[in-house]
Amino acid sequence: MADHYATLGVDRGASSDEIKRAYRKLAREMHPDVNPDPKVQDRFKEITAAYEVLSDPEKRSSYDRGGDGFSGFGGGFGGFSDIMDAFFGGGGAPRGPRPRMRQGQDALIRVEIDLNQACFGVSKTIGVETAVICDKCGGDGCESGSSPRTCDICKGRGEVQQVTRSFIGQVMTSRPCGTCQGFGTVIPNPCRECAGDGRVRAKRNIDVKIPAGVETGNRIQLSGQGEVGAGGGPAGDLYVEIIVADHDFLVRDGDDLHLQLNVPMTGAALGTKMKVETLDGEIEVEVKPGTQSGEMIPVKGKGMTRLRSGSRGDLFVHMNVEIPTKLSKAESELLKSFAELRGEKTIGGQVRRNNDSGLFAKFKEAFRG
């Protein structure tokens, strides 16, 4: 006969609270939802069986006197389903009481950051509201000084049998016990704080390190920070979904950034140097003489940080040459003089051929590609 005290790692004189703590600690490590290894699952069944005996005063007393702790439930075949297992090899769903401790669900929260934080990474403290272990009962759902009691209806099996008549005679079927909901035990004195569930909802703060290079839709997994399971079961995971807010003038394209720079007509014609604000601060770009609208100046290494590599994309500065819409009389005269010097007194347009290089050709190549 198995030594239930050794299985839970407690002394024979252990109190009910010590037995609860020992079981809770082992169950969190070996629950099938946490560790699916078949050997660990067998071990989980052993500690659950040991807890079912030692947590019930009557079963424990019977066990201490040399019994198996389950003598009140009958020996031999356990009803029609056990007979079917004996003849056909079993293989159906596991029977018996189901554990009150269950794996918690995952939780999701969305966090908005700006483009600068997305580029360089940031640590944020976020507030979440999830189910946590009830401090008053420690997760077992019982008022202090009480413990679960064997169900009087199913006698601890977690299921009841029902005999029905059919054309082949009487058929015995099993279903979960409605009194104990299949747990095999009932809680006579539920915890007033959690109503016997073993968990309560609470707000808490969590520190999250957001890595450099994240994009909208990326998720960060925080193991064990989700919803605590019923009965004080292991918590699920918390997923933090990132939302990167739009920037005032920078547009992200993967690891690269784009911005539009308005250049005065004279500066584009004569050439100049202009200051541009980037995520790294202010830089100076050179506008070459004769710059046309639509031309682009690449700035290496001033784009977004690449996730998990630390390298940087590029910044592309798009030129937008500003043509004045209103001219003073003096400005108009100067431009007329300029046109005469260039032989453009009579100004006529010229149609650009499709094979000519230029902005239109670049667009056409992009669409073809």
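The values are calculated or read from the model by the stated rules, or taken from the named source; none is laboratory data. No experiment lies behind these values; they were computed from the predicted model shown. Neighbour counts are summed over all protein chains in view; Cβ atoms, including those assigned to glycine, are modelled from backbone coordinates with ideal geometry.
Taking ARG306 and the conditions (1) more than 23 Å from THR266 (Cβ to Cβ); (2) at pLDDT below 85; (3) not acidic (Asp, Glu), which numbered condition does it fall short on, given that it satisfies the others?
Among (1) more than 23 Å from THR266 (Cβ to Cβ); (2) at pLDDT below 85; (3) not acidic (Asp, Glu), the lone unmet condition for ARG306 is (2).
Results for (1) out of contact with any strand residue (DSSP E or B) (no Cβ under 6 Å at 6 or more places or on another chain); (2) within 30 Å of VAL285 (Cα to Cα); (3) not assigned by TED's automatic domain parsing to the domain that holds GLY294, shown as yes or no for each residue.
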| residue | (1), (2), (3) |
| --- | --- |
| ALA202 | no, no, yes |
| ALA212 | no, yes, yes |
| GLY217 | yes, no, yes |
| ALA235 | yes, no, yes |
| VAL240 | no, no, yes |
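Yes/no per residue for (1) more than 17 Å from GLU52 (Cβ to Cβ); (2) out of contact with any Ser or Thr (no Cβ under 8 Å at 6 or more places or on another chain); (3) surrounded by 19 or more Cβ atoms within 10 Å (Cβ to Cβ); (4) not assigned by TED's automatic domain parsing to the domain that holds LEU26:
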{"position": "ASN116", "(1), (2), (3), (4)": "yes, yes, no, yes"}
{"position": "THR130", "(1), (2), (3), (4)": "yes, yes, yes, yes"}
{"position": "GLY138", "(1), (2), (3), (4)": "yes, yes, no, yes"}
{"position": "GLY158", "(1), (2), (3), (4)": "no, yes, yes, yes"}
{"position": "GLN161", "(1), (2), (3), (4)": "yes, no, no, yes"}
{"position": "THR164", "(1), (2), (3), (4)": "yes, no, no, yes"}
{"position": "VAL171", "(1), (2), (3), (4)": "yes, no, no, yes"}
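If only one of ILE126, ILE153 is of a type in the set (Val, Ile, Thr) and part of a loop (DSSP other than H, G, I, E, B), which one is it? Reasoning before the result, please.
Details: ILE126 fails: part of a loop (DSSP other than H, G, I, E, B).
One residue alone meets the criteria, ILE153.
Please work out if GLY236 is within 27 Å of the chain's Cα centre (by Cα) and not aliphatic (A, V, I, L, M).
Yes; evaluated as a whole, the condition is true for this residue.
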